[in-house]
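Reviewing the structure listed below.
The values are calculated or read from the model by the stated rules, or taken from the named source; none is laboratory data. Note that the coordinates shown come from a computational prediction; the quantities given were computed from them, not determined experimentally. Here the Cβ is made from the backbone with ideal geometry for all residues, glycine too, and neighbour counts use every protein chain on show. For the accessible areas, the whole protein counts, side chains as well, though only heavy atoms, and no ligand, DNA or RNA atoms are used. Shrake-Rupley method; radii C 1.70, N 1.55, O 1.52, S 1.80 Å.
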Amino acid sequence: MTLPTDVTIVEVGPRDGLQNEPGVVATDVKVGFIDRLARTGLPVVEATSFVHPTWVPQLADAGEVMDAIDRLDGVRYPVLVPNERGLDGALEHRADEVAVFGAASEAFSRKNINRSIDESLEMFAPVVSRAKDEGLRVRGYVSTVLGCPYQGEVPLADVVRVTTAMFELGVDEVSLGDTIGVGTPGAVRGLVRALAGEVDLGRLAVHMHDTYGQGLANTLTALEEGVSIADTSAGGLGGCPYAPGAKGNLATEDLVYALHGSGVTTGVDLDALVDTSAWMADQLGRAPASRAAQAILSKRDRA
Ligand code: HMG
Ligand code: MG
C-alpha cells in the first residue's frame, strides 16, 4: 500500500471550524479567513452553510459571506444545504458547489437534521437533482461512519447503504465523516475495504475529527487504501454542535506537512497556510491546535 501521488485537500475550517465556535465570528473575519485560505493554493474552501439560523447561529450570515468573498479561478467554494430552502439561498448567493449532509446513524440523523435516514434521503433527492440541473457540483456527507455519540457503534453495512444511496441520488463525491473522532487506523482500513467493492474510491473523501489524536493516522490509512480526497481544517478548528465531545478536524497543516514530507503533491503553500492559521488564531484569541503550525511558528520565533 502506498500513498497517492496527488491529494486533494478540502478545507473545511470556515464552515466546520467556525460553526463550532462558542461565539459568532464577524462576517469580515470569515471573509478574510476564506480569502486567505484560497490564496494558499487550497483547491476547495468550504465556505459556510445555508441552514436554519436557530440551529447554527454561527453561520447565519451565509449569504453575506458568499457575496463578499473574492472568488479565485480554479478554487471551489462549497456550502452546506440540508434542503431546498438551503439550496435556494446557495443559488441566490452564487454557490458553485453544494453539500447535502446525512448520517449512517439513525440517532445522529434525527439530532442533526431532525429527520430519519430515509426521510433525509427523501429531503436530499430534489436538492441534488435541482443542483445538478443548475450545473452545480454536489457533495454528500455521511456522518458517524466510525461511531455515533448517541448510538455508539455504527455497523459498516449502514455506512455502505447510506453511501451507496447518496451516489444513487447523483452526488459527485461522498465524504465519510468520523464526526466524533473515535476511529482508529484499523477501523478506517475496514471501512474503506467495505466500500471498495461497492463504490468508486476515486469519488470518496475522508473527514476525520481529531478527538483522540488519530486524525492524521486515520487519514493516511484511508489514502493508502485508495482514497485521494481529504477534508481538514486550518489550525485544527472545529467540532460538531450535535456531537458532544467532538474535537476539531484534523489540522490542514498537519496533513500538508505529512504529505509533502512523503513526496505527495497538494498544491498548498504550507508557510502561507501557517500564516493564515496564525492570523485566525489572533482573531479568536488562542493558539492554533495544529501541532505542525505550532512547530513552524516557534521555529520562526527562534530564527
Ligand atoms: P426542521 O425544523 O425540521 O425544518 O429543521 P422544517 O423543514 O420543519 O422547517 C422549519 C422552519 O425552518 C421553517 O420556517 C423553514 O422555513 C425553516 P417557519 O416556516 O417555521 O418560519 N428552514 C430554514 N431556514 C433557513 N435555512 C434553511 C431552512 N430549512 C428550513 N435551510 C433543518 C431541519 C435541516 C433545516 C435543521 O435541522 C437544520 O438547519 N440543521 C442544521 C444542522 C447543521 O448544520 N449541523 C452541522 C453541520 S453537519 C456536520 O457538522 C457534520 C459534517 O462536518 C461531517 C462530519 O463531521 O461527520 C458535515
Ligand atoms: Mg465535521
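A compact table of results
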{"item": "Neighbour-limited loop hits for trypsin sites (Lys or Arg not before Pro), region 201-299 (at most 13 other Cβ within 10 Å; DSSP other than H, G, I, E, B)", "result": "Arg286"}
{"item": "Proximal aspartates and glutamates to Lys247, defined as alpha-carbon separation beneath 12 angstrom and excluding residues fewer than eight positions away on the same chain", "result": "Asp16, Glu21, Asp178, Asp210"}
{"item": "Region 109-159 versus region 1-34: alpha-carbon centroid distance in Å", "result": "20"}
{"item": "Rounded to the nearest 10 Å², the accessible area of His52 at probe 1.4 Å", "result": "100"}
{"item": "Rounded percent of accessible protein surface that carbon and sulfur make up, the chain, 1.4 Å probe", "result": "48"}
{"item": "Ranked by how many other beta carbons lie within 10 Å on average, peptides 170-178, 79-87 from highest", "result": "170-178, 79-87"}
{"item": "Relative contact order [Cα under 8 Å, 6+ residues apart], region 2-47, whole percent", "result": "58"}
{"item": "Solvent exposure ordering (accessible area, 1.4 Å, most first) of Thr48, Thr164", "result": "Thr164, Thr48"}
{"item": "Percentage relative contact order, region 70-221, counting C-alpha pairs under 8 Å, at least six apart", "result": "19"}
{"item": "Simple Cβ-charge dipole of region 8-302, Lys/Arg +1 and Asp/Glu -1, about Cα centre, in debye nearest 20", "result": "600"}
{"item": "The chain, relative contact order in percent, only Cα pairs under 8 angstrom and at least six apart counted", "result": "20"}
{"item": "Exposure ranking of Trp279, Trp55 by accessible area [1.4 Å probe, largest first]", "result": "Trp55, Trp279"}
